Amino acid sequence: MTRDLLCENVSVSADGQHLQFAGIDTVALAGQYGTPLYLMDEDRIRACCRAYKAAVSAAFDGNAQVLYASKASSFKRIYEIMREENMGVDVVSIGEIYTAIKAGFPMSQTYFHSNNKTDADIAFAMEHGIGYFVVDNEEELFAVEREAAKRGIRQSVLLRITPGIDPHTFEAVSTGKVDSKFGFAIETGAAEDILVKALAQPHIHVAGVHCHVGSQVFDAEVFLLTADVMLQFIADMKAHHGFVTELFDIGGGFGVRYLDSDPVLDLNGCLAEIGRFMKQKAAALGIALPKIAFEPGRSIVADAGMTLYTVGNVKAIPDFINYVSVDGGMTDNVRYAMYQAPYTLFQANAMNREHDMTCTVVGRCCESGDVIQPNIKLPSTIARGDIVACLTTGAYHYSMASNYNRLTRPPIVMLANGESYVAVRRETIDDLTALDM
Ligand code: LLP
C-alpha cells in the first residue's frame, strides 16, 4: 500500500502494521505515555532551523537572520533548542518571554510583537533586556519611550508596517492588508507619520521595519510583492527623512503539508528568488539592502509534530455518517473548529489495513463543533482501543490548547536520536483546580 506520509519523518514499521514517527513506533509511544499525546520530533525541528539559516544566508550573502515565531509552539524546551541552534525568537506576550527566560534564551535575540502591549508588558520586557519591540501603534511607541526614559536607556524598535498585500491564502490569518488590526499602513500615510514620531523620541532607536502578510504561502510571489512595496517605502523614508533601515523583517508564513495534495515547499529556491529580487530592487532604488530577517513559525515545527489518540466510541448512523470518537478534541486541536483546517489521519496500529470507511473524527467535548476532521478514511474495522494519529500537529496545537470541559492538556514528548523524553508533562486534574480559591 503506497501512501503519501507527508514528511520524511513519518514511516511504517517493517511488518507494515504500525505508524512510526522519527523512526519510533507510535503504538509503543501511546502505550508508554498514554493518550492524547503530542509528539515532537526534535531532530526535525533542528533540521528545519538549519535549513532556514543556510537558505537565508545563501540568499542574502550572510546578511540575514532567522527568528522562530514562537507562538507556533511555546514551551521551555523549544527555546532551549532555539538557543542551541542560534536562532532569534519572536514572542508575543510576557508569558512567552518568561518561558524563553526560563530556558536561558538570550533576550537580546528576542523580538516582542503584539498589537496591544500593556504598560506592564512593556516594563517587564524592558526589565529583562528584550532586544526589540516591534511597535504596532502610536500609544505603544510613547509607552516604550516613557519606560526607556525611566531607565535611561535607548531601546531598539522595529515599526510594524502594513504593506497592503493580500496573500489570498488563508483569510483568518491574513495580516498584511490595509484594514488589518496590525501595524501602520503605508497607503494611508500612517507608516511615514509614525516613523517621523519615532525618530523624534530620544530614548528610541529605530532599527528598522517589520511586516508579515499571511500564512501557508508556498511560493515566492507574495514575498516579492511585499518586498517590492516595503523596499520602495524604505527608499522613500531615506529620501524624505534620511532614515537608513538597518533591519527589514519580512515576517513568516511559509507553508507546510497537511494533505497529500499540498505542494512541497522549495525553501532554497524560494528564498533564492526572494534574495535575487530584493538585491535587484534595492540596487534599482539606489539603497543598500538592509539586513533581512524571516520569522517562520509553522514551517519550523508543524511537521515535527504528531498527535496520538485512543479511539473510544464508534458510531454508525446508516445512510448518514460514521463517527469515530477519540480521547482528545478541540481542546488539543482547535484548528478544524476555528479554521476548517484540513488534516491527514491514520489508524496508527493498522497501517496495513485498507482505510476504506468514510468517517468523521470527533473529540470528547460537549460541543457538536468539536471535530478533528470530517469525511476522512479509516479502516471499517476500527474500534475502541485503537490508536489514531493526526499528522502535522506541531504548530498552533499545544500553543492553542485549552481546558474546555475541564479536560487536561496532553504532554509533549520529544523524539530525538531514536529516544523519547517528556518536555511538558501531562496536566493533572489537580493542576486544573490549582487556581481555584
Ligand atoms: N510573524 C508574525 C508577525 C506573525 O503574526 C506570525 C503568525 C508569524 C510570524 C508566523 O507565521 P507562520 O510562519 O507560522 O505562518 N493560529 C493560526 C496561525 C496564526 C498565525 C499568526 N501569525 C493557525 O493555527 O493557523
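For the range 232-266, the tally of residues that are touching a Phe, Trp or Tyr at 6+ places or on another chain (Cβ under 7 Å) and over 12 Å from V209 (Cβ atoms) stands at 5.
Scanning the range 299-329 for residues that are open to solvent by 10 Å² or more (accessible area, probe 1.4 Å) and either within 21 Å of A51 (Cβ to Cβ) or within 16 Å of the ligand (Cβ to nearest atom) (or both) returns S299, D303. Of everything in the range 128-157 that is closer than 12 Å to Q201 by Cα and in contact (Cβ under 8 Å) with a residue 60 or more places away in the chain, the residue that is surrounded by the most Cβ atoms within 10 Å (Cβ to Cβ) is V144. Taking the conditions (1) open to solvent by 10 Å² or more (accessible area, probe 1.4 Å); (2) touching a residue at least 40 places away in the same chain (Cβ under 8 Å) in turn, A47 satisfies each one other than (2). The single condition from (1) among the hydroxyl-bearing types (S, T, Y); (2) surrounded by 19 or more Cβ atoms within 10 Å (Cβ to Cβ); (3) away from the ligand (no atom under 16 Å from the Cβ) that T358 fails is (2). Here L407, L391 are screened, and the one residue that is more than 16 Å from the ligand (Cβ to nearest atom) and within 25 Å of the chain's Cα centre (by Cα) is L407.
Residues that are exposed (fewer than 15 other Cβ atoms within 10 Å of the Cβ) number at least 2 in the following strands (runs of 3 or more DSSP E) confined to the range 372-437: 419-424.
Scan the range 239-252 and tell me whether some residue there is under 29 Å from V10 (Cβ atoms), at pLDDT 95 or above and within 16 Å of the ligand (Cβ to nearest atom). Within the range 239-252, one or more residues are under 29 Å from V10 (Cβ atoms), at pLDDT 95 or above and within 16 Å of the ligand (Cβ to nearest atom).
The values are calculated or read from the model by the stated rules, or taken from the named source; none is laboratory data. The shown structure was predicted, so the numbers you read here are calculated from the model rather than taken from an experiment. Positions of Cβ are backbone-derived with ideal geometry, glycine not excepted, and every protein chain shown enters the neighbour counts. Surface areas here come from the heavy atoms of the whole protein model, side chains and all, with no ligands, DNA or RNA. Shrake-Rupley method; radii C 1.70, N 1.55, O 1.52, S 1.80 Å.
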